[in-house]
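Working notes, structure below.
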Amino acid sequence: MDTLNTLYSRKSIRDFNGQGLTEGELNEIIKSAYASPIGLKRYDRLKLIVITNKDLINKWEEETARVMDREGYKAFYGAPVVILVCSEVDEEPYSNVNYSNSAIVVHNMAICATALGIGACHIWSAPRALRSLPNLQKEMGIEENMIPCCAIALGRCNEEYALREIEDNKIATSYIK
């Protein structure tokens, strides 16, 4: 898939069929995270946690539903792989960089997954809930100086990526000349 077709085909997959990724596919997706542009090249301030343990994914999902008070909520939509992106805590005025860097890492992985025909979905609620679950953070190996920022759910799906019609002016846009 060429770059523009990949961008215009990408969508959030929220219905995984339970089939995992090959080791090669997972490695390619992780490599795409490493290719992300990171503010001030501070790659050492980020951490990826690749979770394929179904019991841990289910536990995190159940805890997310509890924290959000949304009984039965399935934050990962049945995905067999979840990659959490954490960042070291920064003080103002740099704290937004944590989330910007983490989001671009997840987006790179989503674009790579799209190019490989693998389902992907950006996940925000579960990392947010995880911040209030110190025991689960410890179980996942998240150091105290790190914050869970965002994640991506990955796996096979029954949907196919196809070019989407991109609506003009979908986002308010100003031009200053």
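For this structure, a couple of remarks:
- Qualifying residue in the stretch 35-58 (condition: part of a helix (DSSP H, G or I) and at positive phi): yes
- Residues satisfying the stated conditions in the stretch 1-17, i.e. under 19 Å from Ala151 (Cα atoms) and surrounded by 17 or more Cβ atoms within 10 Å (Cβ to Cβ): Arg10, Ile13, Phe16
- Note on the stretch 121-135: among residues that are within 24 Å of Arg42 (Cα to Cα) and either surrounded by 17 or more Cβ atoms within 10 Å (Cβ to Cβ) or among the charged types (D, E, K, R) (or both), the one that is nearest to the chain's Cα centre (by Cα) is Ile123.
- Hits in the stretch 144-159 - residues which are loosely packed, with under 11 Cβ neighbours inside 10 Å and over 19 Å from Leu26 (Cα atoms): Glu144, Asn145
- Residues in the stretch 18-36 that are modelled with pLDDT of 95 or more and surrounded by fewer than 17 Cβ atoms within 10 Å (Cβ to Cβ) were compared, and the one that is nearest to Leu136 (Cα to Cα) is Ile30.
- The single condition among (1) farther than 12 Å from Leu154 by Cβ; (2) over 16 Å from the mean Cα position of the chain (by Cα); (3) at pLDDT below 95 that Asp15 does not satisfy is (2).
- Every pair of residues 6+ apart whose Cβ atoms lie under 7 Å, when the first sits in the stretch 95-117 and is at negative phi while the second is of a type in the set (Phe, Trp, Tyr): Thr114/Tyr161
- Test: residue in the stretch 55-76 that is touching a Gly at 6+ places or on another chain (Cβ under 7 Å), farther than 30 Å from Glu160 by Cβ and free of Cβ contacts under 8 Å to residues at least 60 places away in the same chain: no
- The single condition among (1) of a type outside the set (Ser, Thr, Tyr); (2) out of contact with any strand residue (DSSP E or B) (no Cβ under 6 Å at 6 or more places or on another chain); (3) surrounded by 13 or more Cβ atoms within 10 Å (Cβ to Cβ); (4) farther than 19 Å from Leu4 by Cβ that Lys138 does not meet is (3).
- Any hit, the stretch 106-120, residues being surrounded by fewer than 16 Cβ atoms within 10 Å (Cβ to Cβ) and either hydroxyl-bearing (Ser, Thr, Tyr) or more than 30 Å from Thr6 (Cα to Cα) (or both): no
The values are calculated or read from the model by the stated rules, or taken from the named source; none is laboratory data. On a predicted model such as this, the values are computed, not experimentally measured, just so you know. As a convention, Cβ positions derive from the backbone with ideal geometry for all residues, glycine included, and neighbour counts pool all protein chains shown.
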